[in-house]
Ligand SMILES: Cc1cc2nc3c(=O)[nH]c(=O)nc-3n(C[C@H](O)[C@H](O)[C@H](O)COP(=O)(O)OP(=O)(O)OC[C@H]3O[C@@H](n4cnc5c(N)ncnc54)[C@H](O)[C@@H]3O)c2cc1C
């Protein structure tokens, strides 16, 4: 690998993909200039804590920082926070800031992540949860109510991962919490039906009101409170409304610069975009899925971290393509669930253990091929599943049909899979 010794790499986005790219460039020997730019006013932080520890108040913002504040200067990484890149000119290899400043680059890495999707026009002004400052605003809104001696009522629109985590955090703080989900089940985009049902029970048991099949028609102010009205006439009144209906990849810069964009900035297996010298990584990038075929965009912390590092290595000339099996987690009411692979693609689900009391392991298969694993209290098995999904797609059924499949042991026996694959 030939490591360029000089030149400037500009990285747009101080989320984990951008931060990871910057750290990896230095760690792997890049001696040139690294400028890490982000419009977020904070130094890089752990975004998953926003809807968990930070919202519930069990951790303060400083605990979420990815690195101590001194780290970036010590690594000779120029960190520019609160700086918005307004345009990229690939012809002259420059980025232009919204304050009129500009900067040339030899290499550009776009790690611009995504923005919370809004429900325009009815909930355009509601709280969303992505940044540290969103937590500050939400906690201030809670405190405005608690300071009067009242219990805050919180309405969460969207029963996906962020919405359900926010529900758990707000309930833990003592708020009255209601979740409105448009689909038939909460978490249905990420989890199979029996596990969604178990999460719905978990929330209901802890006092969260969960309503599914809700389509909102109108939201209006009722004094200091907000009233939400569904098309079927149901109504809810709340002090605080949080909209958590997913995110849209922040592709604006790339699109305006003429890069190929298709629900994400399109990159190859080396994170290279359609423009020479420009890479993209993390939530914003659509990349080839080398394990199952096609392309995908993944919105998980570990992926964004690994993808940012892969972009940095590609800049430095690495020849290994990116082919990670996605892995993520969610934490709600102290229950830590982990997901590996693509459980949504499965047509068969094998569940071992107790979905409500845990621990459990759920294996998702499509035509006998393991495509996803979900677990509570089984972190080593879920980790091992990544290797099984990547390297040994053909699982012998007898290995799975027992009472307690041991994925760690299975992953250590690749020969068994090869034999099945040959049959
Ligand atoms: C509330 C919440 C909880 C989550 N919890 C989990 C979890 O438990 N487990 C898990 O696996 N994943 C979780 N995720 C997902 C995970 O956090 C993301 O996948 C990951 O942070 C994405 O990182 P990224 O660097 O690609 O993008 P981002 O974190 O979105 O960072 C992109 C940055 O670029 C900035 N930017 C965009 N455009 C510009 C511009 N023009 N100029 C300057 N800066 C710009 C953005 O403001 C942002 O700061 C969670 C996400 C959220 C929102």
What are the residues in the range 237-252 that are more than 12 Å from the ligand (Cβ to nearest atom) and either loosely packed, with under 15 Cβ neighbours inside 10 Å or under 20 Å from residue 84 (Cβ atoms) (or both), if any?
237
What strands (runs of 3 or more DSSP E), lying completely within the range 132-220, carry at least 1 residues that are on the phi < 0 side of the Ramachandran plot, free of Cβ contacts under 8 Å to residues at least 60 places away in the same chain and under 25 Å from the mean Cα position of the chain (by Cα)?
176-180, 209-211
Restricting to strands (runs of 3 or more DSSP E) lying wholly in the range 72-117: which have 1 or more residues that are over 24 Å from residue 133 (Cβ atoms) and assigned by TED's automatic domain parsing to the domain that holds residue 43?
85-89, 94-97, 102-104, 107-110
What number of residues within the range 336-349 are surrounded by fewer than 16 Cβ atoms within 10 Å (Cβ to Cβ) and in a strand (DSSP E or B)?
2
Note on the range 364-377: residues at negative phi and either without any contact (Cβ under 8 Å) to a residue 40 or more places away in the chain or over 22 Å from the mean Cα position of the chain (by Cα) (or both) are 365, 366, 369, 370, 372, 373, 375
Being touching a residue at least 12 places away in the same chain (Cβ under 8 Å) and either more than 14 Å from the ligand (Cβ to nearest atom) or touching a helix residue (DSSP H, G or I) at 6+ places or on another chain (Cβ under 6 Å) (or both) is the filter; apply it to the range 90-104 and report the residue that is farthest from residue 170 (Cα to Cα).
92
Please determine, by comparing only the residues of the range 105-126 that are closer than 22 Å to residue 9 by Cα and within 8 Å of the ligand (Cβ to nearest atom), which one is surrounded by the most Cβ atoms within 10 Å (Cβ to Cβ).
111
With the condition kept exactly as written, say whether any residue in the range 344-358 is within 16 Å of the ligand (Cβ to nearest atom) and either at pLDDT below 95 or in contact with a helix residue (DSSP H, G or I) (Cβ under 8 Å, 6 or more places away or on another chain) (or both).
yes
Every residue in the range 274-315 that is within 12 Å of the ligand (Cβ to nearest atom), within 14 Å of residue 254 (Cβ to Cβ) and assigned to a loop (DSSP other than H, G, I, E, B), please.
281, 297
Checking residue 418 against (1) at pLDDT 70 or above; (2) more than 18 Å from residue 342 (Cβ to Cβ), which test does it fail?
(1)
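Here's the yes/no breakdown for (1) within 15 Å of the ligand (Cβ to nearest atom); (2) over 30 Å from residue 152 (Cα atoms):
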site: 17; (1), (2): yes, yes
site: 21; (1), (2): yes, yes
site: 38; (1), (2): yes, yes
site: 52; (1), (2): yes, no
site: 56; (1), (2): yes, no
site: 66; (1), (2): yes, yes
site: 76; (1), (2): no, yes
site: 80; (1), (2): yes, yes
So, residue 255, is that one part of a helix (DSSP H, G or I), within 14 Å of the ligand (Cβ to nearest atom) and surrounded by fewer than 21 Cβ atoms within 10 Å (Cβ to Cβ) or not?
yes
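The values are calculated or read from the model by the stated rules, or taken from the named source; none is laboratory data. No experiment lies behind these values; they were computed from the predicted model shown. Please note: Cβ atoms are built from the backbone with ideal geometry, for glycine as well, and neighbour counts cover all protein chains shown.
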